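Comments concern the structure below.
The values are calculated or read from the model by the stated rules, or taken from the named source; none is laboratory data. What you are looking at is a predicted structure, and each value in this text was computed from that prediction instead of being measured. Cβ atoms come from the backbone with ideal geometry, glycine included; neighbour counts cover every protein chain shown. Note: areas computed on protein heavy atoms with side chains; ligands, DNA, RNA excluded. Shrake-Rupley method; radii C 1.70, N 1.55, O 1.52, S 1.80 Å.
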Amino acid sequence: MYMTAAERIAPPSSSRADTGRSPFVRLRELLGDIPAGKPAISLAVGEPGHGVPPFVGPVIAAHIDEFGRYPMNKGLDAFCEAAALWLGRRFALPRPIDPAHEVLVLNGSREGLFLGAMAATRWASGRRGKPAMLIPNPFYAAYAAGAVAAGCEPVYLPATATTGFLPDLDALPEDLLARTVAFFIASPSNPQGAVADLPYLKRIVALARRFGFLVFSDECYSEIYTRHPPAGILEAGGPDFANVVEFQSLSKRSNLPGLRIGFVAGDRSFLARFLELRNVAAPQVPMPMQRVAIAAYGDEAHVQENRRLYAQKFDLADQIIGDRYGYRRPAGGFFLWLDVSAQGGDEAVTLRLWREAGLRVVPGRYLAREQADGSNPGQGYIRVAMVQDQATTTAEALHRLVAVLS
């Protein structure tokens, strides 16, 4: 039976409206004890393999004594100022960010996205029906975990090739928007690498202000792009940044996933509520780590080198994969999103690549949820993380992939 776009994004059944299981746990179960067919190369986890910036060790050493003090949950004034200045340099903001009231330090963007969902329920009021959080599908698992922990219904919005791998805003019914607490959006998206342009972001902001919900923009991949720097949600936020919240991280930008530091910026009324929650529920960020972040946000040379290394690996993908498997060089991020439905499907191909080539990738269905019509927007795709530190390793992996799938 034909379903309208609105019916396709209807909330999943209660049996599926949960946090789900880690895609990496599911991957380990899928591969089990099967031996790798060749020396293993992991292309599964989005963990940057490029080098740690050289200033990290000296900055920590210079502030080692600060590990003996409790940090404030808001973050050092110097950190908030550094983040605000970086935002002003990176994005065409309608006005400068106020570091005192519009920036908070985070233990990485993952912690912020999760706890931010709980804070959002304190901020949004007057929802008409069961509170909902809108999540692009496929998605980063922290979004759904935060929605469920906040007592909201996660509603998955298909982000497929037909919609440019972004949610179709025209398909959102008003009754759903009226009960929405927060709309999660990632640009560049994980796993597809799609970038939302400024008009698209402005449309989301207009909906948020009309219906009284928050826009949670996950921009942790914003500094890894192919040609043009992606727009940010704060650029679409008007002079007061009302209803808009940006999450940033040094994990991808500066190859520092183990540092566990990032920030959130935007709507000051929401950030005040968020800080109240963080003061009682969140671990503080060690001050030496914040000192490293200050140095990182003040330096663009290592970020430019990072982009050069990723570009080098995508050049290899252009040459080795070509137009196979629906490949198109993504606008941002460091993943390949390959359509392997004609090669047997995502799980079967994942098994073959491991058994025959020693390649570890993630089945696309593990990164998504079934929609109301039973479809899974990730099914038939594999996610390939281009994170190996050496271009030669990446080339070897891509040649193996093509050899198996051909």
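Using the Cβ-Cβ distance between R355 and Q390 with R0 set to 22 Å, the FRET efficiency from 1/(1 + (r/R0)^6) comes to roughly 0.35. Kindly provide the helix-only [θ] at 222 nm of the chain, computed as the sum of -39,500 (n - 2.57) over DSSP H runs of four or more divided by all residues, to the nearest 500 deg cm²/dmol? When only DSSP H runs of four or more count, the value is -11500 deg cm²/dmol. Multiplying the residue separation of D98 and V45 by 0.36 nm and removing their Cα-Cα distance gives an extension gain of 15.6 nm.
Per q in 0.10 1/Å, what log10 I(q)/I(0) does a Debye calculation on the alpha-carbon atoms of the chain return? Debye curve over Cα of the chain, log10 I(q)/I(0) at q = 0.10 Å⁻¹: -0.66. Stretched out straight at 0.36 nm per residue, the stretch from Q319 to I64 would grow longer than its current Cα-Cα span by 87.1 nm. Once the Cβ-Cβ distance of A78 and R128 is raised to the sixth power relative to R0 = 35 Å, the FRET efficiency obtained is 0.20. The solvent-accessible area of M118, taken with every protein chain present and a 1.4 Å probe, is close to 50 Å².
Stokes-Einstein diffusion for region 237-328 at 37 °C, viscosity 0.692 mPa s, with a Kirkwood radius from C-alpha pairs, works out to 201 µm²/s.
Across all directions, the average flat footprint of the convex hull enclosing the Cα atoms of region 84-176 is 8.0 nm².
Full extension of the chain segment joining A272 with A178 gains 31.5 nm, where the gain is 0.36 nm per residue of separation less the Cα-Cα distance.
Using only the C-alpha atoms, the convex hull of region 186-284 corresponds to 115 Å³ per residue.
Test of understanding: extend the Cα→C-beta vector of D197 to 7 Å, then name every residue of region 319-347 with backbone N under 20 Å from that spot. Only 328-333 fall inside the zone, counting backbone N under 20 Å.
Pair-distance distribution P(r) for region 39-94, from all Cα-Cα distances in 5 Å bins starting at 0: 4, 12, 11, 16, 18, 17, 11, 8, 3, 1, 0 percent.
Its Cα gyration tensor gives region 327-402 an equivalent ellipsoid, and the semi-axes of that ellipsoid, as √(5λ) in whole Å with the largest first, are 23, 15, 10.
Distance distribution P(r), region 146-228, all Cα-Cα pairs, bin width 5 angstrom from 0: 3, 13, 24, 26, 20, 10, 3, 1 percent. Computed over neighbours whose Cβ is under 10 Å from that of C80, the net charge equals -3, Lys and Arg +1, Asp and Glu -1. In a DSSP loop and with at most 13 other Cβ atoms within 10 Å, the trypsin sites (Lys or Arg not before Pro) in region 27-93 are R69.
The convex hull drawn around the Cα atoms of region 13-169, when projected onto a plane and averaged over every direction, covers 15.8 nm².
Cα extents for region 283-334 along the principal axes, largest to smallest and rounded to whole angstrom: 48, 27, 14.
Taken along the Cα-to-beta-carbon direction at a fixed 7 Å, the label points for A206 and F55 span 4.1 nm.
Dividing the Cα radius of gyration of region 258-406 by its Kirkwood radius returns 1.08 for Rg/Rh. By DSSP, the beta bridges lying fully in the chain are antiparallel in about 45 percent of cases. Other residues with beta-carbon under 13 Å from the beta-carbon of L275 carry, at +1 per Lys or Arg and -1 per Asp or Glu, a net charge of +2.
Highest GNM mean-square fluctuation, the chain, Cα pairs closer than 10 Å: which of L166, L309, L115? In this elastic network of the chain, the residue with the biggest mean-square fluctuation among L166, L309, L115 is L309.
Ranked from largest, the principal axis spans of the Cα set of region 104-262 equal 42, 32, 32 Å.
Please find, in a Gaussian network model of the chain (springs between Cα atoms separated by less than 10 Å), the residue of P257, P229, P58 whose mean-square fluctuation is greatest. The residue with the greatest mean-square fluctuation here is P58. Put simply, region 20-71 fits an ellipsoid with semi-axes of 38, 18, 9 Å; these come from the alpha carbon gyration tensor as the roots of five times its eigenvalues, largest first.
Of Y325, Y143, Y221, the residue with the greatest mean-square motion in the GNM of the chain, using alpha carbon springs below 10 Å, is Y325. If I model region 126-191 as equal point scatterers sitting on the Cα atoms and use the Debye formula, what is log10 I(q)/I(0) at q = 0.17, 0.18, 0.21 Å⁻¹? After summing over all Cα pairs, the log10 values are -0.57, -0.63, -0.84.
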